[in-house]
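Computed from the coordinates by the stated procedures, all read-outs in this text should not be read as laboratory data. All values derive from a computational prediction rather than experimental measurement. Neighbour counts are summed over all protein chains in view; Cβ atoms, including those assigned to glycine, are modelled from backbone coordinates with ideal geometry.
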Amino acid sequence: MVNDDVGSRLRYVRQLHSMSQRALAKKAGVVNSTISLIESGQTNPSVGALKRILDAIPISLGEFFMLEPHRDSKTFFKKGELTEIGKGGISYLQVGESLLGRSLQILREHYAPGTDTGRIPLTHDGEEGGIVLVGQLEVTVDDERQIISAGGAYYFDSKRPHRFRCIGPEPCEVISACAPPSF
């Protein structure tokens, strides 16, 4: 069973030290995707691998697990206060700085024309849903594929393989929620 707390803690500590996933991976001597997979809760590192990653920050295993992260006490967020967690042609602006201990993730997603979440479908525990605000988003869940235009929405069990792709000439904007957090 994957422990989401390890991934959330790692993301929190990495961001606290102003390190990108790529920078941490390079410094720890692991491939870039390793940090992403741990932080998204898709894999659990061995104790040895976690120690090697934490040594690159640096923080001890004991400190890592005893850390009591600062929880956002903020209730309201201005446009510039959302946390960017996307990359490439996809922007994910997250409400709140840290998701450690939280059960819901809310994102404002922006897809440049032609961008997608990758050829390999995503899967994770939980549920997710979203409303397309602008543009057209192709959503594939298992073998179902639907083009959703502005005003349309989706909602599904996130254990089902899924991917998203912006189609058409204009960018796509989506407001989404995922429980538990998956990034």
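Projected onto the charge dipole of the chain (+1 at Lys/Arg Cβ, -1 at Asp/Glu Cβ, origin at the Cα centre), which of Ile148, Ala25, Gly168 gives the Cα projection farthest towards the positive end?
Of the listed residues, the answer is Ala25.
Farthest toward the dipole's positive end in segment 24-131, which of Ile106, Thr43, Gly86, given Cβ charges of +1 (Lys, Arg) and -1 (Asp, Glu) about the Cα centre?
Of the candidates, Gly86 comes out farthest on the positive side.
Rounded, prolate or oblate: which one fits segment 33-122, using the alpha carbon gyration tensor with axes a ≥ b ≥ c (rounded when a/c is under 1.5, else prolate when a/b beats b/c, else oblate)?
In terms of gyration-tensor shape, oblate.
Can you work out the FRET efficiency for the pair Leu104 and Leu61, with r the C-beta to C-beta distance and R0 = 22 Å, to the nearest 0.05?
So the FRET efficiency works out to roughly 0.15.
Once you have the Kirkwood Rh of the chain from its Cα pairs, apply Stokes-Einstein at 20 °C and 1.002 mPa s and quote D in µm²/s.
Stokes-Einstein gives a translational diffusion coefficient of 124 µm²/s.
Per the helix-only calculation at 222 nm, which mean residue ellipticity applies to the chain, given -39500 (n - 2.57) for every DSSP H run of n ≥ 4 and division by its residues, nearest 500 deg cm²/dmol?
Roughly -6500 deg cm²/dmol at 222 nm, from the helical runs in the chain.
Placing unit charges on C-beta atoms (Lys and Arg positive, Asp and Glu negative, everything else neutral), compute the dipole magnitude of the chain about its Cα centre in debye, rounded to 20.
620
Once you sort the root eigenvalues of the Cα gyration tensor of segment 4-66 as a ≥ b ≥ c, which label holds: rounded (a/c under 1.5), prolate (a/b larger than b/c) or oblate (the other case)?
rounded
Tell me the label-point distance for the pair Thr43, Lys159, using the 7 Å Cα-to-Cβ offset, in nm and rounded to one decimal.
Modelled inter-label distance: 2.2 nm.
Packing-wise, with mean Cβ within 10 Å as the measure, how do 109-117, 151-159 rank, highest first?
109-117, 151-159
Any chance you could run the full-extension gain for Ala112 through Lys26? It's 0.36 nm times the residue separation minus the Cα-Cα distance, nm to one decimal.
Full-extension gain reported as 28.2 nm.
Could you calculate the FRET efficiency of Asp143 with Glu170 from 1/(1 + (r/R0)^6), where r is the beta carbon distance between them and R0 is 25 Å, rounded to 0.05?
0.35
Mind putting a number on the dipole of segment 4-66 about its Cα centre? Charges go on the C-beta only, +1 for Lys and Arg and -1 for Asp and Glu, and I need it in Debye to the nearest 20.
Charge dipole of segment 4-66: 260 debye, to the nearest 20.
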